[in-house]
Amino acid sequence: MNERFFKCKCCGHCCHGQSTVSVSMDEVTTISEWLGISEEEFRRRYCVQKKNRLEMRVVNGHCIFYGPNGLCEIHAVKPFPCRQWPLHPSIVVDKTAWQAIQKDCPGFAKDISHEEIVAELIRLGNFSKK
Ligand code: SF4
Ligand code: SF4
């Protein structure tokens, strides 16, 4: 993406909060293998079951994989929502969602309009207006 629109500041804000990222069953397999541990151990040490979804554990207000250097400790295999964020598809169809994400994420320029970011995302080919 054009850096005039977005450049990650590596602030870690998106890894903080009392609820964190969901992990799919495929991602449990991938991350466990990458860590060199069993899926059972991965779930026990790093995840918490919430109703119908599995989430990363929160430690000291941030995801358990948020490292002391401010970087993701499983960057190479992090879950899809982490790889996608902050370019969430809702930006294209929902101006309110865009305004919330733009406000929340310091990587987005504050002087770009909804029309401009939608045009940029469509230009990149990741999203459509459907
Ligand atoms: S909140 Fe935005 S700028 Fe900060 S780390 Fe996350 S994506 Fe990057
Ligand atoms: S898996 Fe990595 S990128 Fe995703 S929330 Fe945890 S620390 Fe952040």
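No lab work stands behind these numbers, since they all come straight from the coordinates. Only a predicted model underlies this, so the values are computations on that prediction, with no experimental measurement involved. We place every Cβ from the backbone using ideal geometry, glycine too, and count neighbours over all the protein chains shown.
Pairs of lysines in the chain whose Cα atoms sit within less than 26 Å of one another amount to 20, provided the residues are eight or more positions apart or on different chains.
All C-alpha to C-alpha distances of the chain, sorted into 10 Å bins beginning at zero, yield P(r) values of 12, 38, 31, 18, 2 percent in whole numbers.
Hey, got a sec? Which GluC sites (Glu not before Pro) in segment 15-100 land in a DSSP loop and have at most 16 other Cβ atoms within 10 Å? Qualifying residues, ordered by number: Glu73. Cα centroids of segment 5-41 and segment 44-80: 5 Å apart.
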